[in-house]
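Scroll down for the structure; my scribbles are underneath it.
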Amino acid sequence: MSTATTPTPEAGTARRSPRLGHAVGLSCRECGTSCGLGPHYACAACFGPLEVRYRLPRLSRSGIESGPPNMWRYAPLLPVPPDIAARPTTEPGYTRLVRADNLARALGMRRLWIKDDRGNPTHSFKDRVVAVALAAATELGFTVLACPSTGNLANAVAAAAARAGIRSVVLVPADLEPQKIILTGVYGGTLVTVDGSYDDVNRLASELAGEHEDWAFVNVNVRPFYAEGSKTLGFEIAEQLGWRLPDQVVVPIASGAQLVKVDKGFGELASLGLVPATPWRVFGAQASGCAPVSAAFAAGHDTVRPVRPETIAKSLAIGDPADGPYALDVVRRTGGVIADVGDREIVDSMRLLAATEGIFGETAGGVTLGVVRKLLAAGQLDPGAETVIINSGDGLKTLDAVTAAADGPPPIKPTLEAFTERYAGRTVS
Ligand SMILES: *Cc1c(COP(=O)(O)O)cnc(C)c1O
Ligand SMILES: [Zn+2]
């Protein structure tokens, strides 16, 4: 059952083969070697990352539409037990796809949408990936849910574990936004702050995963299952557009998994005949203070040289992104571009999104919109093509980035005179 390279939890070895829906095995993304479904994440032959393989079922649009109003409507396309919707999960997904006409007008675009993943239970897209990781981990016999995190993942893991009634251990860099640390602690798991960067925290997590065989580190030792959760972003965008694919989709990049899986989601829907197989282009967005994938794209490289992050977009601050090379593949194959923007443009775009559409996204949302503006200016994004921007998190978690905007004029006395004296004859702003 177990391979030489990946530890198997004791409980897992004694169990029947895992019930993970239509998933049939794992295969190496580098050399194609397959292995059975299990707690494996590295290829036994070449140490390459593993990917879930399926025998995809026949599905109908109406079957999906009559499913639960959360990501489990796509359970047949995920490595989860068939009864997942009846289990205690945080029920993420099926977030709003918002038609952004005001923003489109401001940018000179024709048809623009925001996929607003603030609507998830802990206010970021991470609830999607954690839900799949937890379901698979439970099925594989793990008993503790753990992760290294840049903040949002910690929130999602702690909440999902609380709801499922299992223990959680999350590790975060000590210099994270205070809001994100508070939001993790409140769910009651073990919260470990580490004096180091995310990449240091990630290394520690890998060592701990070797020590504690019953701990599922969602983005380390059950990563192949975790990553599949991001496909639901692609599925939902297509369903919410009326069962068709957008021409362009713009996705933030931290590890690069979200971008890769949005593309995979579109591809699965097309191959199942659920959407017309029209071409789509995938664009990637990074912060200039942590832009290793953008740099590799610009240089024409296939591999990503790690960097030391220095940006306000902490949720995207992964200096050594595991899926960077695969994100490069997807973007090049579909004819997109990867670019980056600096902290000032990030904040400016957070404000633009809020002021045009009433959507207060986190710094990651500012990165994505900032890159859209940059690519439009450079003529690299088609303003006439239907475009979806992913807003992956909530501005309330990164308030510090915009606190200067709250430094307005001093308060007035509660009288008409005082109001008129200050604001008469001009727009209140
Ligand atoms: C983690 C995260 C991302 C990107 O995730 P990857 O799959 O690692 O690229 C994007 N936005 C937010 C808000 C995140 O927390
Ligand atoms: Zn391999």
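On C-alpha positions alone, give me the angle between the axis of helix 152-164 and the longest principal axis of the chain, in degrees, nearest 10.
Between helix and principal axis, roughly 60 degrees.
Report, for the chain, the % of DSSP beta bridges that are antiparallel, rounded to 5.
30 percent
Which residue, CYS290, GLY25, LEU56, has the largest displacement toward the positive end of the dipole of the chain when charges sit on each Cβ (Lys, Arg +1; Asp, Glu -1)?
Toward the positive end, the furthest listed residue is LEU56.
Using per-residue counts of other Cβ atoms within 10 Å, averaged over each peptide, order 413-426, 195-208, 310-323 from highest down.
Final packing ranking: 310-323, 195-208, 413-426.
Rounded to whole Å and sorted largest first, what semi-axes of the equivalent ellipsoid does the C-alpha gyration tensor of region 234-309 yield via the square root of 5 times each eigenvalue?
Rounded to whole Å, the semi-axes are 28, 11, 10.
With angles folded into 0 to 90 degrees, how steeply does helix 198-211 sit against the dominant principal axis of the chain? Use alpha carbons for both and round to 10.
20 degrees
Pick out, from LEU369, PRO81, THR122, the residue whose Cα sits farthest towards the positive end of the charge dipole of the chain, with +1 on the Cβ of Lys and Arg and -1 on the Cβ of Asp and Glu.
PRO81
Considering only region 231-385, what is the antiparallel percent among its DSSP beta bridges, to the nearest 5?
10 percent
Please identify, among GLU228, GLU139, GLU30, the residue showing maximal mean-square fluctuation in a Gaussian network model of the chain using a 10 angstrom Cα cutoff.
GLU30
List, in order, the whole-Hz ³J(HN,Hα) value for each residue of region 82-92 obtained from phi through the Karplus relation with A = 6.51, B = -1.76, C = 1.60 and θ = phi - 60°; use x for Gly and Pro.
Calculated HN-Hα couplings, in order: x, 8, 4, 5, 8, 8, x, 10, 7, 6, x Hz.
Using alpha carbons only, how many degrees (0 to 90, rounded to 10) separate the axis of helix 257-271 from the longest principal axis of the chain?
70 degrees
Could you give the size of the charge dipole of the chain about its Cα centre, using +1 on the Cβ of each K and R and -1 on the Cβ of each D and E, expressed in debye and rounded to the nearest 20?
Dipole size: approximately 1100 debye.
Put +1 on the Cβ of every Lys and Arg and -1 on every Asp and Glu Cβ in region 222-328; which of ALA317, ALA257, LEU274 then has its Cα farthest towards the positive end of the dipole?
With unit charges placed on the Cβ atoms, the residue in question is ALA317.
Run the numbers on the chain and let me know its relative contact order in percent, using alpha-carbon pairs under 8 Å that are six or more apart.
About 15 percent, as a whole number.
All of the numbers you see were taken from the coordinates with simple rules; none came from a lab. Predicted model, so just to flag it, every value in this text is computed and none were measured. Neighbour counts are summed over all protein chains in view; Cβ atoms, including those assigned to glycine, are modelled from backbone coordinates with ideal geometry.
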